[in-house]
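Report on the following structure.
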Amino acid sequence: MICKELADFLCDYIDGALDPETKADFEEHFSDCPPCLAFLNTYKKTSHLCRETIGEMEIPPDFEKKLKEFINKKCKKG
């Protein structure tokens, strides 16, 4: 597995949507690649912070719609 492949399926990894063999490949890669592990941890923290703060601020409906479409498109890409 190369770093680019990992980034393409990171959403699936975090969501637990990968088959066991692919998940094991990811975990092996994380153990051998500190930059990817750092990226994973940053991604998780960012996602957590977004979930925590999303209810604290009001987002304009048009922006919220575009943001959700963008995130869904990026998570399904692959």
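Each reported figure results from applying straightforward, stated rules to the coordinates on display, with no laboratory input. Since the model is a prediction, treat every value here as computed from it, not as a measurement. Note that each Cβ is placed from the backbone with ideal geometry, even for glycine, and that neighbours are counted across all protein chains shown.
Explain nothing, just compute: Karplus ³J(HN,Hα) = 6.51 cos²θ - 1.76 cosθ + 1.60, θ = phi - 60°, for every residue of the range 46-60 in order, whole Hz, x for Gly and Pro.
4, 4, 4, 4, 4, 5, 5, 8, 4, x, 8, 10, 9, 9, x
Consider just the alpha-carbon atoms of the chain and return their Rg together with their Dmax, both in angstrom.
14.5, 42
Subtracting the Cα-Cα distance from 0.36 nm times the residue separation, let me have the gained length for H48 to K74 in nm, one decimal.
Gain on stretching H48 to K74: 7.6 nm.
So which cysteines of the chain have no other cysteine's Cβ under 4.7 Å from theirs?
Cysteines of the chain left without a disulfide-compatible partner: C3, C50.
So what J values fall out for the range 21-26 if you push phi through Karplus, 6.51 cos²θ - 1.76 cosθ + 1.60 with θ = phi - 60°, rounded to Hz, Gly and Pro as x?
5, 5, 4, 4, 4, 4
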